[in-house]
Each structure stands twice: as structure tokens, then as C-alpha cells.
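Engineer: Before I ask anything, let me first share the structure, which is written out below as C-alpha cells.
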Amino acid sequence: MGFFDGLLGGRGQDFDSGSAASNAIELTKRHHQVSLTKQGAATGHLRVNLTWRMRTSDIGGSARESLLRHPFKALRPPEVMGHSQSMVNVDLDLGCLYELADGTKGVVQPLGGFLGDVNAPPYVKLSGDDRFGSASGETIYVNLDHRDDIKRLLVFVYIYDQTPAFDRTHAIVTLYPSNGPRIEIGLDERQPQARSCAVVLIENVKGELVVRREVKFVYGFQSELDRLYGWGLQWGRGYKTADR
């Protein structure tokens, strides 16, 4: 299995609105942030979900050739092979670097079993480890009733595998506030050599909870994201157990 960073020790109109039918806000390069406080969504549990699938061009040959032979396929949604060999070789994981108001810093992630706690510090908890891109994906819960205890959260996605494959996957991180529309951030940039991506930063700015799109790909793992955002944690090599 691959290896990489495991934590050592310690514990306005600034958005694109989606369609009314989808009830979603899409954060883009141009409109990259939204205030949960101004949306009335800064309380309760914020659900952060990662879903992903293989790009259809990487599954079962040429899409153009298939459409020429079967023109009516253009009217059907693309089929995703959930357990093909190419899927097995790609394992996207969801994680979150946290910094609390009292200066406590740490990480919530599948690697190392740092699953967090939603009712006690860090008020962030990871549920599940999806290895095949299933419909439910992976989810992090943030208890915004303790928003005054949270300084900043960096939600990131990394690849647990020897092979970088962000260019072969279509991943979406979606935030579901307790009130108002969901917030979507797509990882559609082709970055074939990247192993990690800082997706979204949630900050408490003078009592206002602001969600900002990042989508910054890096070639290393969590320690490189740490350096990029100045977290200052100590990292070492980590492994997943065989049953994960």
C-alpha cells in the first residue's frame, strides 16, 4: 500500500447561485466565498461531503466511438462502473485541518484513525472511509453551535494510493448547512501529478463564519498543505490497515 503523512502526537454577493431547482450555490474562481452567518446558516451541524467517480473517458474505451455506434446513448446519463479495476486503484480521502480559538491544532482524517468528535473539541467528526466512489461518499460533520470555539477549518482531499489520479476522477465537495442552500465545490481541474488538494477554508472572521473556495493542488501530502497554510503540526509517514 502507499504511504504518506500521518499526524504525530497532539490532538454580499460573493457566490454563484445555482438553479432554483437544484437549490445550490457553486463556488468558483470568480465568486469564491459565501458567509454562513449572513445566510442564517451558522448554527447546527454543517455536513461536508465528498463524492467522486471516474471520468467516463477513462472507463471502457472511447466515448466518441461509442456514440457513433449507439447515437441514442447521448440522451442517457454517463454510466459509472463503481467497482472496475481502475476504480479500485483510486482512493480519495476527505480530511480537515482544524485550529480552535484556544490555539489547539490538529487533523481529522481516515489515516491514523483521527476521526474527531462532534460534541467535544475539535467539534469536527469524520464518518466513513469510501474507497470506491460510492453514492454516499465520505462525510465530515462540524458542530457550528460551537462556532465561537473554532478559528479555522481547512477541508482537503488526498489520494491514498501510489498513483496520482485527480485527472481521472470527477470529485465534488458539498457543504450542507443546517439552513439554506447547499454549497458545491468541484475539483475539475486536470492535475495528473497532484496527490492532495486544499478544497475549502472555513474561517471565523470577527464572529462571522466565512466559507472560501481554495482548490489548491499540491504534489505532496498533508504536510505540504500544512506548510502552505501555516498550521505548524508535526507529521510522519502513515499507513492504512489492510481492512480499510
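The values are calculated or read from the model by the stated rules, or taken from the named source; none is laboratory data. Not measured: the values here are computed from a predicted model. Here the Cβ is made from the backbone with ideal geometry for all residues, glycine too, and neighbour counts use every protein chain on show. The protein model used for the area step is the full one, side chains on, heavy atoms only, and it has no ligands, DNA or RNA in it. Shrake-Rupley method; radii C 1.70, N 1.55, O 1.52, S 1.80 Å.
Engineer: Give the residue, chosen from PRO78, PRO164, PRO121, that is part of a loop (DSSP other than H, G, I, E, B), open to solvent by 10 Å² or more (accessible area, probe 1.4 Å) and either touching an Asp or Glu at 6+ places or on another chain (Cβ under 9 Å) or at pLDDT 95 or above (or both).
Structural biologist: Exactly one of PRO78, PRO164, PRO121 is part of a loop (DSSP other than H, G, I, E, B), open to solvent by 10 Å² or more (accessible area, probe 1.4 Å) and either touching an Asp or Glu at 6+ places or on another chain (Cβ under 9 Å) or at pLDDT 95 or above (or both), namely PRO121.
Engineer: Please state which of the following conditions ASP102 fails to meet, knowing it meets all the rest: (1) touching an Asp or Glu at 6+ places or on another chain (Cβ under 6 Å); (2) at pLDDT 95 or above.
Structural biologist: It is condition (1) that ASP102 fails.
Engineer: Cβ contacts < 8 Å: first residue more than 15 Å from VAL124 (Cβ to Cβ), restricted to segment 199-215; second residue of a type in the set (D, E, K, R) and part of a strand (DSSP E or B), any location; separation 6+ or different chain. Result?
Structural biologist: Close Cβ pairs satisfying both conditions: VAL210/GLU203; ARG212/GLU203.
Engineer: So, ALA198, is that one under 20 Å from GLN109 (Cβ atoms) and in contact with a helix residue (DSSP H, G or I) (Cβ under 6 Å, 6 or more places away or on another chain) or not?
Structural biologist: yes
Engineer: What number of residues within segment 176-201 satisfy the criterion of being surrounded by 15 or more Cβ atoms within 10 Å (Cβ to Cβ), more than 18 Å from VAL34 (Cα to Cα) and not hydrophobic (A, V, I, L, M, F, W, C)?
Structural biologist: Number satisfying all stated conditions: 3.
Engineer: Mind checking which pairs have a first residue in segment 29-58 that is in a helix (DSSP H, G or I) and a second that is at pLDDT below 90 and not hydroxyl-bearing (Ser, Thr, Tyr), Cβ under 8 Å, 6 or more apart or different chains?
Structural biologist: The qualifying pairs are THR56/ALA63; THR56/PRO78; THR56/GLU79; THR56/VAL80; SER57/ALA63; ASP58/ARG168.
Engineer: Now for a separate question. Of the numbered conditions (1) farther than 18 Å from ASP91 by Cα; (2) aliphatic (A, V, I, L, M); (3) open to solvent by less than 20 Å² (accessible area, probe 1.4 Å), LEU228 fails exactly one; give the number of that condition.
Structural biologist: (3)
Engineer: What is the number of the single condition among (1) modelled with pLDDT of 85 or more; (2) not in a strand (DSSP E or B) that THR139 does not meet?
Structural biologist: THR139 satisfies every listed condition except (2).
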